[in-house]
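Q: Below are the structure tokens for one structure; questions will follow.
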Amino acid sequence: MLPTEVLEKSAQALVDYQGKGFGIAEVSHRGKEFDAVADEAMARCKQLLGLGDSHDVLFMQGGATQLFTVIPMNFLRTQADYLVSGEWSKKAASFGKEIAPPAKLNIVATSEASNFDHSPPPSEWKLSSDADYFHVCTNETVHGHRLPTWPKHPNLIVDASSEFLSRPHPVNECALVYGGAQKNLGPSGLVLAIVRKDMYARQKKTPSKLWSFKDLAEAKSMVNTPPTFGVYILLEVFRWLEAQGGLAAMEKRNATKAKLVYDAIDNSNGFYKGTVSIKDQRSHMNVTFSLPSDELTDEFVRQASKNGMVGLKGYRTVGGIRASIYNAMPVEGCAALASFMKDFASKKT
């Protein structure tokens, strides 16, 4: 979901960029028009996150899933630590294992035995003393939980895809933070990666410059043609976020939105059951819950769709309901869902 203002401005730029008679997607990625877009996007990204010269902002392709392979390809030399807390961190670890030998990949903790109904707390982590990096996914979209506080580690690598720019992030304390765009940032096909510059000295030789963070940074993300229109939409998202008051304002708004839906769950006398076992870990981006039966779940989805609320069916591997309430979702949208939930439950109990 993207803000209407971002879509409208991007649509105009696609047809006629700054009154020049051509669209932004038509210009050369080496030309002055796109060069200015890329420079502004990098600057605004750093400003939003409070970053200085210690990190590079990269615009990559292939989705976050491709980064699951590219990261160990670059940085896994001896051993890497992975926290497995859900569908996406499990996939990241599985891709890392393909790259690992003869290096090792250590699962510091996993909640798979409880169907990923929470993220293992730090007291359960078995971290290595000399890991090349520690990888975590801070918001598990499928299972609806997040890390309320990002962990501290000298070489922390974060998949922040589904919560990127939804709240202030301690990116300046991280070695690498990345996220696929199709949540809060823009259209699919673009990955925003923020890399601490001292990590380049740790890189292995990669099969191609296309997979090298160092080479991508030196080429300003232009080893090959970047997804230019996706980067432009990302720039409009950065501008929109600044106009909303920045990440602290977004965090407050997102907390308000999430509370509306969670209150509807908690006050339903058990008709709705949240799927996250540790309430402090409940995601502010993806609210997951179940109903008493599959039949009621299907009816809930159908009736919600008739009321203009779509995309509520849970992920295919877990079922139930998932309400994704990313940055662009207005408070009114969550209020409407909460009202519908109360009305639906009252008619079925």
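The values are calculated or read from the model by the stated rules, or taken from the named source; none is laboratory data. Keep in mind it's a predicted model, so treat the numbers as computed, not measured. Glycine gets a Cβ as well: all are built from the backbone with ideal geometry, and neighbour counts include every protein chain shown. Calculation scope for accessible area: heavy atoms of the full protein, side chains included, ligands and nucleic acids excluded. Shrake-Rupley method; radii C 1.70, N 1.55, O 1.52, S 1.80 Å.
Q: Counting only residues that are without any contact (Cβ under 8 Å) to a residue 24 or more places away in the chain and either hydroxyl-bearing (S, T, Y) or not in a helix (DSSP H, G or I) (or both), how many does the range 12-37 have? Talk me through it step by step, then tell me what you get.
A: In the first step, residues of the range 12-37 are kept if they are without any contact (Cβ under 8 Å) to a residue 24 or more places away in the chain; the result is 12, 15-23, 26, 28, 31-33, 35-36.
Okay, now just the ones that are also either hydroxyl-bearing (S, T, Y) or not in a helix (DSSP H, G or I) (or both), so 16-17, 20-23, 28, 31.
Residues meeting the conditions: 8.
Q: Taking F68, is it within 19 Å of L192 (Cα to Cα), within 17 Å of the chain's Cα centre (by Cα) and surrounded by 19 or more Cβ atoms within 10 Å (Cβ to Cβ)? It would help to see each step written out before you state the result.
A: Numbers: within 19 Å of L192 (Cα to Cα): yes; within 17 Å of the chain's Cα centre (by Cα): yes; surrounded by 19 or more Cβ atoms within 10 Å (Cβ to Cβ): yes.
Yes: the conditions hold for F68.
Q: Looking at the range 127-136 only, could you name the residues that are in contact (Cβ under 8 Å) with a residue 40 or more places away in the chain and either open to solvent by 10 Å² or more (accessible area, probe 1.4 Å) or small (G, A, S) (or both)?
A: L127, S128, D130, A131, D132, listed by residue number.
To keep it simple, each residue is scored yes or no on (1) over 27 Å from A249 (Cα atoms); (2) at pLDDT below 95; (3) basic (K, R).
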{"position": "F271", "(1), (2), (3)": "yes, no, no"}
{"position": "D280", "(1), (2), (3)": "no, no, no"}
{"position": "H284", "(1), (2), (3)": "no, no, no"}
{"position": "F289", "(1), (2), (3)": "no, no, no"}
{"position": "Q303", "(1), (2), (3)": "yes, no, no"}
{"position": "K306", "(1), (2), (3)": "yes, no, yes"}
{"position": "L312", "(1), (2), (3)": "no, no, no"}
{"position": "P330", "(1), (2), (3)": "no, no, no"}
{"position": "K342", "(1), (2), (3)": "yes, no, yes"}
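Q: Just a yes or no: is a residue in the range 155-169 of a type in the set (D, E, K, R), over 12 Å from the mean Cα position of the chain (by Cα) and open to solvent by 10 Å² or more (accessible area, probe 1.4 Å)?
A: no
Q: Could you list, in sequence order, all residues of the range 145-159 that are under 19 Å from D132 (Cβ atoms) and touching a Phe, Trp or Tyr at 6+ places or on another chain (Cβ under 9 Å)?
A: P151, H153, P154, N155, L156, I157, V158, D159 - these are the residues of the range 145-159 that are under 19 Å from D132 (Cβ atoms) and touching a Phe, Trp or Tyr at 6+ places or on another chain (Cβ under 9 Å).
Q: While we're on this one: Select from the range 176-190 the residues that are out of contact with any Leu (no Cβ under 6 Å at 6 or more places or on another chain) and either hydrophobic (A, V, I, L, M, F, W, C) or under 19 Å from S89 (Cβ atoms) (or both) and list them in ascending order.
A: Start the filter on the range 176-190 by keeping residues that are out of contact with any Leu (no Cβ under 6 Å at 6 or more places or on another chain), which leaves 176-177, 180, 182-183, 187-190.
L176, V177, G180, Q182, K183, L190 - these are the residues of the range 176-190 that are out of contact with any Leu (no Cβ under 6 Å at 6 or more places or on another chain) and either hydrophobic (A, V, I, L, M, F, W, C) or under 19 Å from S89 (Cβ atoms) (or both).
Q: Got at least one residue in the range 94-116 being under 28 Å from D280 (Cβ atoms), part of a loop (DSSP other than H, G, I, E, B) and open to solvent by 40 Å² or more (accessible area, probe 1.4 Å)?
A: yes
Q: May I pose another question? Any idea which of A304, A335, A323 is open to solvent by 40 Å² or more (accessible area, probe 1.4 Å), in contact with a helix residue (DSSP H, G or I) (Cβ under 7 Å, 6 or more places away or on another chain) and either touching a residue at least 40 places away in the same chain (Cβ under 8 Å) or assigned to a helix (DSSP H, G or I) (or both)?
A: Matching residue, one of A304, A335, A323: A335.
Q: For the range 43-74, how many residues are at pLDDT below 95, in a loop (DSSP other than H, G, I, E, B) and on the phi > 0 side of the Ramachandran plot?
A: 1
Q: Consider L58 carefully, then state whether it is touching a Ser or Thr at 6+ places or on another chain (Cβ under 6 Å), in contact (Cβ under 8 Å) with a residue 12 or more places away in the chain and open to solvent by less than 20 Å² (accessible area, probe 1.4 Å). Give the derivation first.
A: On the way: touching a Ser or Thr at 6+ places or on another chain (Cβ under 6 Å): yes; in contact (Cβ under 8 Å) with a residue 12 or more places away in the chain: yes; open to solvent by less than 20 Å² (accessible area, probe 1.4 Å): yes.
So L58 fits the description; yes.
Q: Only one residue in G246, G230, G189 is of a type outside the set (A, V, I, L, M, F, W, C), over 17 Å from S10 (Cβ atoms) and touching a Pro at 6+ places or on another chain (Cβ under 9 Å), so which one is that?
A: G246
Q: Name the residue, out of E5, E40, that is part of a helix (DSSP H, G or I), open to solvent by 10 Å² or more (accessible area, probe 1.4 Å), over 18 Å from M222 (Cα atoms) and acidic (D, E).
A: After ruling out the rest, the residue left standing is E5.
Q: Out of all the residues in the range 137-154, which are surrounded by fewer than 23 Cβ atoms within 10 Å (Cβ to Cβ) and under 23 Å from K104 (Cβ atoms)?
A: Within the range 137-154, P151, K152, H153, P154 meet the criteria.
Q: Would a scan of the range 84-94 turn up a residue that is over 19 Å from the mean Cα position of the chain (by Cα), modelled with pLDDT of 95 or more and of a type in the set (A, V, I, L, M, F, W, C)?
A: No: the range 84-94 contains no residue that is over 19 Å from the mean Cα position of the chain (by Cα), modelled with pLDDT of 95 or more and of a type in the set (A, V, I, L, M, F, W, C).
Q: Let me ask another. Is it the case that the range 8-31 has a residue that's open to solvent by less than 50 Å² (accessible area, probe 1.4 Å), aromatic (F, W, Y) and closer than 27 Å to R196 by Cα?
A: no
Q: Residues of the range 239-254 being surrounded by fewer than 22 Cβ atoms within 10 Å (Cβ to Cβ) and assigned to a helix (DSSP H, G or I), which ones? Walk me through how you get there before you give the answer.
A: Taking the range 239-254 as the starting set, the residues that turn out to be surrounded by fewer than 22 Cβ atoms within 10 Å (Cβ to Cβ) are 239-240, 242-253.
Scanning the range 239-254 gives R239, W240, E242, A243, L247, A248, A249, M250, E251, K252, R253.
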